[in-house]
Amino acid sequence: MYRGAQFCSSGEGWGPWSVQRELDLTPCFERGILLPLLNCLFLVPAIHQIRHLQTLHSLPAAYCNNFAYWIKLVLASAIATVAAVELFYFIYSTGIPNSFNVFIVGQLFHIAMLVVAALLHHYEHIKSCRPSDTLLLYWLFAGFVSLVVLRTDYLMENEPKPVYSVLWIVRYIYVIGIAALFYVELWPCRIAEYVLSEDTDDLGAFGNSDYAEEPAGKRAPEESANIFSRLSFAWLSPLLELGQHKQIDEGDLWKLPAKYAPLNVAEKFDTNWQHELNSSMHRTPSLLRALWKTHGANFALSGVFKLIQDILQFTQPVLLSHLIGFVASHATDNPQPVSYGLFYAVAMFVCQFVLTIFLHQYSQLAAITGMNVKASLISTIYKKVLRLSNDTRQEYTTGNITTLFSVDVQNISDTPESGHMVWSGPMQIMFAIYLLYNTLGWSVFAGVFIMVAATPINSWIGKRIRALYAQQMKNKDKRTSLIEDSLSGIKVIKLYAWERPFLQRIQHVRESLELAMLSKFGAVYALGGVSVVAIPFMVSFTTFFIYSVFDGVSHGPLTAQLVFVPMSLFNLMRGPLTLLPWVITTVIEANIAIGRVYKLLTSDELDHGYITQLESIRKSKQSSSAAVKNSANADGQDTGAIAVEVKDGSFRWSSNGSVILDSINVIVRSSEHLAVVGRVGSGKSSLASALLGDMQCERGEIVIHGQVAYTPQQPWIMNTTLRDNILFGLKYDEAFYNQVIDACALRPDLDIFAAGDMTEIGERGINLSGGQKARVSLARAVYARADVYILDDPLSAVDAHVGRHLFEHVLGPNGLLKSRCRIHITNAIQFITMCDSVMLLRDGTSLEYGAVADLIESRSHVYSLVQEFGTSNATSTPASSTLTPSASNARLIDIQDSSRPDTPADGSTNGQMNIKHRSSVDSLPPASIAPIQRTGQICAISNTRAPGTLITEEISAVGRVSLSAYISYICECSWGGVIVFAIGLLFTQGLLVLSNVWLKVWSSANETNNKDKTDPVAHSPMFYISIYGMFGLFSAVACYIRYSVLWRVCAVRSGKSTHRKMLNAVFRSPMSYFDTTPIGRILQRFSKDQHSVDQTIPHLAGSWAHNLINFTLSLMVISASLPAFCIVIIPIAIAFYHLKKYYLETSRTLKRLDSTTGSPIFASFQETLVGVATIRAFGQSERFMAENLRKIDANQRCQYPYKILSRWLAVRLEWVSSVIVFSTALLGVLSLIYGKADAGLIGLAVTYALQSSQHLSYMLRMECDLENSMCDYVRIQEIEQLSPEAPEVIEDNRPKKEWPEHGMIEFKNYSTRYREGLDLVLKELSFRVMPNQKVGIVGRTGAGKSSLTLALFRIIEAAGGRVLIDGEDISQYGLFDVRSKLSIIPQDPVLFAGTVRENLDPFEEYADQDIWRALEHAHLAEFIHTKDEGLEFVVTQGGENFSVGQRQLICLARALLKRAKILVLDEATAAIDNSTDAIIQESIRKEFKDCTVLTIAHRLNTIIDSDMILVLDNGKAAEFDTPQSLLAKEDGLFKQLWTKANKN
């Protein structure tokens, strides 16, 4: 056998196939090519891996010197020894002179590789925690090659000699040794692949930098799984096993691998995107290029996997051709050996098995790439939003940005999973055409012509979808913006009874625009669906027609081989032909989305170039003696170094807007208190925005020393605890925190709250009063211990005595901020005499600016203001208030004062302050930043709610979606539509199956005719081809009906019904729902979840039904062709059932966790959009971006295993399908042995078996995805089932049209609470307001003033007692009838996006002259007249293009326009300057003289002329009498309030 001097001493040569043995290779090919090739492929990665491992630290000895290590070394040595024994035998057999041959040289090289393998085993074991991929693959293929060689040797040895007995034992030992070593290398890691989060083993102890980051329980098991576990996704199985025994929560999930962590991905993308922006001088920035640089490697690698999978799938038609040929040969005189048939069956199974692995490695990598793309874009958009200019903010509403943040980013991130089809689809079509040409010859080009001719059709469909999609996104943006705007002002909408016009506006966009567009989509989708069915059928029809009519001889008549091999190729073509239009649509949508995101990311940002931010003076004052020379104020006193300086500043809000502030020059020193005053619209708040960098600078510059703290006029309160709102990212300093609480008068509020400062504050501070929000905002600024304080009217929303307390203990000359620079925008003229300097603004210019004393002495405008509205004497000592600071706070001030080296001996701080003394002492301890919570930290969800929790957790439903939910959805779609769709689907797929069966009949007739040429042909080819064409035609018609009904009937009806019900349910919900539910969560229902109902669920339901019918029909065809297959169906069904059950439990939970962890991302984004100015002012952008990344990380830790779980399922399902293919082919071969087989039947059966793999996998995946998407519908159902308020209208009990005629109001023993389970806020309240009386309502914060208003409007309902208006109990009427008869000017002025007219008259009930008259009386007509559009002037979202004072005037104009008999003023002029307030009060007295007016006011002088005063205390009517009577009561509560408000 081995003798001879030739290098290949075998007589069979190099082969590769042996001509002497069936299905065997030649010895020279095996030992000279196959084995050396394997060794070469192993050598390069092995050496590379050894060099890498040598650079790592060794694992602890306890993990290295164990039994497994020695087993591996012993086995590796034994295998090398056995190989050496075989080598010596070869040399002995051939002789040393003839030893240079393929066997000996190959064996020498193989032994060298075995030594390298042993060395790699050593390093892998002592330095790596994961089984070696290189070794596992090497031993697997080495074992396979050794078995092939062993079989060849066995077949060649007919009469073995005695020495061969020893040799054969050596060979058996060699094969067994390889198998044993392979098995040992597969042993689990020393560290468990999956450890729950409570495990505390720390890999950092190993000293290995690769594994020293996190505890083992936090590491993804993928990182320590062997290659076969990763290829089969078996590393996920422990999680599924866990899911069978408990409800998986976030605490059971591992951290993301470092390469997929959002923090790392976002940083990499940001670097690449910044590079694109920085290169804009040389080329246009490209978002796509930045994405490619960041994620291109993974995307390209997934493309390689896709390419291999595409090539492998075309081996199946080739093997099918051989199998049919094998079966057909048994009907001839020269049958092929049965072993050939068995080989083809096994080969089909192996190819399908391997194909599955590559397919899902591609899918996994593509899905993860999409996930990373999403993290990149979300983080970048979030970062961009924090820097948007005012021009851009006017262009993008909150709804627009939210759509970009959710829908557009999702469309882009979906592209990697389907993007490769752009090149893969055409390539598959070309492969198929090539194989078809080899099978049928030139006739195939008729089919190619059909495909080319269909290209313009698909192109038109794609363009049409692109245009429709672009318009649809605008419609969605518009609807989302309207809903977001409505939800933000839902309280005002309810107070005004404006639900109907807002509902109509939203429903108009939804039904007339969005759903109409969805119907047009349906028409185009139906055409696309027909093209999916018709084009592949037309290709096969045309090909068979041309071949049978015009050729028919080049390859013989249409036999089973010529029919079913092309059919399998046509089926392969059907995939790309079906997917290409959808992929094109997806790419188009992604392209549009990229353009939209690119537009936002390249839009203008705030230009802070005019602001110079310098180091804090307090840090540099010790080394800067020169600053003292420059530190005299206007009256010659030393106020310290300059903290803020504005030099000739002119500012505008937008590039096209008018100049708002002009020629502003101001210098504020390090401990100076500057008061900024002026009328409404004079530019006070604009000055604050300019100092913060939120405006565009026309000219001039601003210099600021140190950090800035800011209190906006409308406080921004986060949805978190009260403490976190104050700390705002700083470390908790208990002593100073308590001082701030006391100084800001929050201690009484903490005593009221159930959980104190750990009480959760609702979104937008919904559960705080206006005064409480203002004080929390002020406390946040004080706690920041900044150098410069910009305070935008923080006293406007608080009671007079509380305002004095805040001034004395925070803002004033003795307050906590006395050593800091304070720029205080205020309408509280009574306090400006205690400030250092004042600036009076008028029409955007500085009318007066200077030291207070100088301006008063010069009898200026400021002097006039003080004389008219000021009640304080700057030289007098402020009196003590009952809201005094705590003892600790008092001690703080005493200690600070007494500790100063330059404090006067008497410690006096009254009268004219020693400003030099103030500027030399830093009265606030330094602040320190709290560590940002690391991304990746997730705490398990607690089942218990902490005391003080307000916002309801988003509940992740447990268990499968109920049958009732599916039935409910079908009802929404309409039963008739669903039935027509089902019938259309059955006809479509049934006719296609019959067409294939007809081809089998045709081919069998041809084969029969070939055998018996004397028989006349029963029918001509035209007969068969005509019937075949009819099947296709009717199938296309049924397909059009099916898709039209699905999209234009079912999708539109369900979308219309669910949205209308959900919208009505939300608008009809009580305010308690909005108190406890973030707007972001509600918006997600109207955006993402509604999108699922509109498009995702119809698509998934249609696809699931399509695959179910196809799989069922495939099994029926196979069973009919091979009845024995019915036995195989039973184990397949059992496997399918268990896989489905095993998968669904965990999949369902992970999907819901994905949803619940996704909601905080959107909620936080919404919150950030509102508070972006505050975030920037405090310099907290980095912290909020880090928090956003943490939320993304939490979401993707749920999303990542969910995506991998889909691959876990698909791999196993397609392996089951591989068994179907193998069983079908094997039964076809066995039928030849035990009976008679028809080549046509076997071809038909195998063709459908090959299709079944795709149908089975898609069917279950679609079912799971459908169930998960149905969770979105269930969440919508939950919204639909919200408990509503009382009816809007009670038809059989409506009030008279003129009710109320008199305006008498009576509360009788009235009690109420905000929600069930909370304490009463009004307690047995009783009082009566006579017709046309003017009643002032006063009381400390939390006394129940605003609650009384809400009770009158039935925003909160009675827990006891009654409210009567004109003697009628208001609870007997509908809410619309009550609220529409009342009028209110609310504390928080809310404007809605639209026009001025729409904000005043949404019902379009009033003429233009009535509206202008109302504006004139509200003193706003002059401002509106300056706008060219007049009443059509556009109000931006939230009224951001109006000042807060102007917004309050618009609210006043609403009341003036409505002229209700009862008017409630809830701090209606809090944000208006005193002079304007006086004018407005006079207008109210004049215009509402015949109305009953209830006025809640902090400025007691505004209600002192009321007919009656109601004093509330702790929810009860403490006093109710005329002002004169109440002032006469020396110990009365009103008397105390009046005294405190007016004391000096």
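Of the whole protein surface, residue 647 contributes about 80 Å² of accessible area at a 1.4 Å probe radius. Against the chain, whose longest principal axis is taken from its Cα atoms, helix 1408-1417 shows a tilt of about 50°.
Its relative contact order, with pairs defined as Cα atoms under 8 Å and 6+ residues apart, puts the chain at 11 percent. Counting lysine pairs in segment 461-563 whose alpha carbons fall under 19 angstrom apart, excluding pairs fewer than 8 residues apart on the same chain, gives 5. Can you give the accessible area of residue 1422 in Å² (nearest 10), computed on protein heavy atoms with a 1.4 Å probe? Using a 1.4 Å probe on the heavy atoms, I get roughly 150 Å². Accessible-area rank, largest first, for 397, 55, 1312: 55, 397, 1312, with all protein chains present and a 1.4 angstrom probe.
With a simple spin-label model that places each label point 7 Å from the Cα along the Cα-to-Cβ direction, the separation between residue 551 and residue 1427 comes to 7.3 nm.
Would you mind getting me the FRET efficiency between residue 1405 and residue 615? Use the beta-carbon distance for r and R0 = 51 Å, nearest 0.05. That gives a FRET efficiency of 0.30. When 604, 310 are compared by accessible surface with a 1.4 Å probe, the order from highest to lowest is 604, 310. Accessible area per residue for segment 659-708, computed on protein heavy atoms with a 1.4 Å probe, is 28 Å². In whole percents, the pair-distance distribution calculated for segment 645-788 from its alpha-carbon pairs, binned every 10 Å from zero, is 10, 35, 29, 21, 6, 0.
Over all Cα atoms in segment 222-278, the spread is summed up by Rg and Dmax: 16.8, 54 Å.
Hey, if you drop one equal point scatterer on each alpha-carbon of segment 1386-1544 and run the Debye formula without solvent, what base-10 log of I(q)/I(0) do you get at q = 0.12 Å⁻¹? For the requested q values the scattering log ratios are -0.59. In the full protein context, segment 1444-1544 carries 35 Å² of accessible surface per residue, based on a 1.4 Å probe and ignoring ligands, DNA and RNA. Annotation note: trypsin sites (Lys or Arg not before Pro) in segment 1135-1207 located in DSSP loop regions with a Cβ neighbour count of at most 13 within 10 Å are absent.
Rounded to the nearest whole Hz, the Karplus-based 3J(HN,Hα) values (6.51 cos²θ - 1.76 cosθ + 1.60, θ = phi - 60°) of segment 1277-1283 follow the sequence 4, 4, 5, 4, 9, 4, 5, with x at glycine and proline.
Inverting the pair-averaged 1/r between distinct Cα atoms of segment 761-813 gives 11.8 Å as its Kirkwood hydrodynamic radius. For segment 763-780, the Karplus equation 6.51 cos²θ - 1.76 cosθ + 1.60, evaluated at θ = phi - 60°, returns couplings of 4, 6, x, 4, 9, 10, 6, x, x, 5, 4, 4, 6, 5, 4, 5, 4, 4 Hz by residue, with Gly and Pro reported as x. Ligands, DNA and RNA aside, residue 182 has an accessible area near 40 Å² when probed at 1.4 Å.
Quick check: the angle from helix 975-1011's long axis to the longest principal axis of the chain, C-alpha only, nearest 10 degrees? Tilt of helix 975-1011: around 20 degrees. Around the amide H of residue 730, modelled in the peptide plane, lie the amide H atoms of 930, all under 5 Å away and 5 or more residues distant in sequence or on another chain. Using Cα atoms only, what is the angle between the long axis of helix 421-440 and the major principal axis of the chain, expressed in degrees (0 to 90) to the nearest 10? With rounding to tens, the tilt is 20 degrees. Among 585, 1426, the sequence by solvent-accessible area, most first, with a 1.4 Å probe is 1426, 585. Of the beta bridges in segment 746-869, as assigned by DSSP with both residues counted there, near 55 percent are antiparallel.
For segment 427-476, the solvent-accessible area with a 1.4 angstrom probe is 50 square angstrom per residue. Each residue of segment 1319-1324 is assigned a 3J(HN,Hα), and the resulting list reads 5, 5, 9, 10, 10, 6 Hz, derived from the Karplus form 6.51 cos²θ - 1.76 cosθ + 1.60 (θ = phi - 60°), x at Gly and Pro. Considering only protein heavy atoms and a probe of 1.4 Å, how much of the accessible area of segment 1369-1437 is carbon and sulfur, as a whole percent? About 45 percent, which is the carbon plus sulfur part of the accessible surface. Measuring nothing but how far apart in sequence close Cα pairs (under 8 Å, 6+ apart) lie, relative to its length, segment 368-446 scores a relative contact order of 42 percent. Were the residues from residue 57 through residue 237 laid out at 0.36 nm apart, the gain over their Cα-Cα distance would be 61.7 nm.
Considering only the chain, what is the antiparallel percent among its DSSP beta bridges, to the nearest 5? Here the share of antiparallel DSSP bridges comes out near 55 percent. Toward the positive end of the charge dipole of segment 295-441, with +1 on the Cβ of Lys and Arg and -1 on the Cβ of Asp and Glu, the farthest Cα among 307, 358, 371 is that of 371. Principal axis extents of the Cα atoms in segment 1373-1468, from largest to smallest and rounded to whole angstrom, are 43, 27, 22. Annotation: segment 1239-1340 has a Kirkwood hydrodynamic radius of 21.7 angstrom, from the mean reciprocal C-alpha pair distance.
Pairs of Cα atoms nearer than 8 Å and 6+ residues apart set the relative contact order; for segment 990-1103 it is 32 percent. If you bin all the Cα-Cα distances of the chain at 10 Å, starting from zero, the percentages per bin are 1, 7, 12, 16, 16, 14, 11, 8, 6, 5, 3, 1, 0, 0.
Here's how it looks for residue 1356: its modeled amide H is under 5 Å from those of 1351, which are all 5 or more places away or on a different chain.
The values are calculated or read from the model by the stated rules, or taken from the named source; none is laboratory data. All values reported here derive from a predicted model rather than from experimental measurement. Cβ atoms come from the backbone with ideal geometry, glycine included; neighbour counts cover every protein chain shown. For the accessible areas, the whole protein counts, side chains as well, though only heavy atoms, and no ligand, DNA or RNA atoms are used. Shrake-Rupley method; radii C 1.70, N 1.55, O 1.52, S 1.80 Å.
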